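Chemist: Got a structure here, written out as structure tokens. Questions coming.
The values are calculated or read from the model by the stated rules, or taken from the named source; none is laboratory data. Since we're looking at a predicted model, the values are computed, not measured. Counting neighbours? That spans all protein chains shown, and the Cβs are built from the backbone with ideal geometry, glycine included. These area figures cover heavy atoms from the full protein model, side chains too; ligands, DNA and RNA do not enter into them. Shrake-Rupley method; radii C 1.70, N 1.55, O 1.52, S 1.80 Å.
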Amino acid sequence: MSDGERRVMAAKLLILGGTTEAYDLADRLAALPDWHVITSLAGRTADPRHAAGETRIGGFGGVAGLVRYLDEHAIRAVLDVTHPFAAQMGWNAAEACRITGIPLLRLERPAWTAEAGDRWQSVTSWTEAAAAVRQSQAQRVLLAVGRQELSHFVDIETAWFLIRLVTPPAPLPPFYAAEWLYARGPFALADERALLDTWAIDTIVCKNSGGTATAAKLLAARERGVRVIMLQRPARPAGVPTVADGEAALAWLERLALVGLNR
């Protein structure tokens, strides 16, 4: 049997991606003969990295559009490996897979948890986070929240912000006092210590993204007694099986193969 014939016979797997874990899974699965891997990216960043296997970019058009895509492309299983804060895609995937009967697995990195010495304040919305900045009388704030969330903080006049992003927003939001820093993780602990010291940061505002790429700032904050205003993760659909790493996701797919899903 030729490689082309094997690809035709392989079961199609849709990875809802964009995270490091999604790219790692695509790398491993694309090398296997049983699965034809399609990774879907939201397309919110310019020139996104393509995953191993097939890559599609852009939204589906809500639940109805995703149902149509799953049917038209004969998708046999879906892995939701989107960012912990990409909540809407998770709800859409759960509903579309319920309608079509296609197996769905959520892979989500564990959330960060506070440890002894941490000065964390948990919030459940960006409005609450902005209010916490004001109420805490923060003076020097590291804002590590992503471009789409900056508008919640632009009218705060009582604090100076160091705004860390991967790429510049266009246009720059009109903060009263801010410095812009463009960098992509992972960030080393020594560098995070130096950043907090150099800029005299007294407060960090961030999402509970979990993982290791951006966790060093939390250890540096603990060492220096820096306050952390932490947005907690949004609710996810009930009943969707969830694993914490790629090995568990591969084991789930192997069980599907054993019951003949990719035949």
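Chemist: Could you work out how far apart the two model spin labels at R224 and R236 are, taking each label as a point 7 Å from the Cα in the direction of the beta carbon, and quote it in nm?
Modeler: Once both label points are built, they end up 3.2 nm from each other.
Chemist: Determine ³J(HN,Hα), in whole Hz, for all residues of region 127-137 in sequence, where each value follows from phi through the Karplus function 6.51 cos²θ - 1.76 cosθ + 1.60 and θ = phi - 60°; x replaces Gly and Pro.
Modeler: 4, 5, 5, 4, 4, 5, 4, 5, 5, 7, 6
Chemist: Please give the contour-minus-distance gain from L189 to A131: 0.36 nm per residue of separation, less the Cα-Cα distance, rounded to one decimal in nm.
Modeler: Computed gain between L189 and A131 is 18.0 nm.
Chemist: Shifting gears a bit: Beyond 14 Å, what share of the Cα-Cα pairs of region 40-105 remains, rounded to the nearest whole percent?
Modeler: In whole percent, the long-distance tail amounts to 60.
Chemist: So, one more: If you take the square roots of the eigenvalues of the alpha-carbon gyration tensor of the chain and sort them as a ≥ b ≥ c, do you get rounded (a/c under 1.5), prolate (a/b over b/c) or oblate?
Modeler: prolate
Chemist: Moving on to the next point. If you take every residue apart from A244 with its C-beta less than 9 Å away from the C-beta of A244, what net charge results, scoring Lys and Arg +1 and Asp and Glu -1?
Modeler: Summing Lys/Arg as +1 and Asp/Glu as -1 gives -1.
Chemist: A follow-up question, please. Mind running the shape call on region 95-139? Use the C-alpha gyration tensor, a ≥ b ≥ c as the square roots of the eigenvalues: rounded below 1.5 for a/c, prolate if a/b tops b/c, oblate otherwise.
Modeler: oblate
Chemist: Going by Cα centres, region 211-240 and region 102-165 are how many Å apart?
Modeler: So the two Cα centres are separated by 9 Å.
Chemist: Can you give the accessible area per residue of region 119-187, in Å², using a 1.4 Å probe?
Modeler: 54 Å²
Chemist: A follow-up question, please. By how many degrees, 0 to 90 and rounded to 10, does the Cα axis of helix 189-198 deviate from the longest principal axis of the chain?
Modeler: Helix 189-198 and the main axis of the chain meet at about 30 degrees.
Chemist: Taking the Cβ of A221 as the centre, find all other residues whose Cβ is under 13 Å away and add up their charges (Lys, Arg: +1; Asp, Glu: -1).
Modeler: +1
Chemist: Amide H to amide H, which residues 5 or more places from A178 or on other chains are under 5 Å from it, using H placed in the peptide plane?
Modeler: Here the answer is F161, since their amide H atoms fall under 5 Å of that of A178.
Chemist: Within the chain, which is the longest segment containing none of the GluC sites (Glu not before Pro) that sit in a DSSP loop and have at most 13 other Cβ atoms within 10 Å?
Modeler: 1-114
Chemist: Could you tally the net charge around G59, taking each other residue with its Cβ under 13 Å from the Cβ of G59, Lys/Arg +1 and Asp/Glu -1?
Modeler: Value of the local net charge: +3.
Chemist: Quick check on the chain: helices-only [θ] at 222 nm, where DSSP H runs of length 4 and up contribute -39,500 (n - 2.57) each and the sum goes over total residues. Nearest 500, please.
Modeler: -9500 deg cm²/dmol
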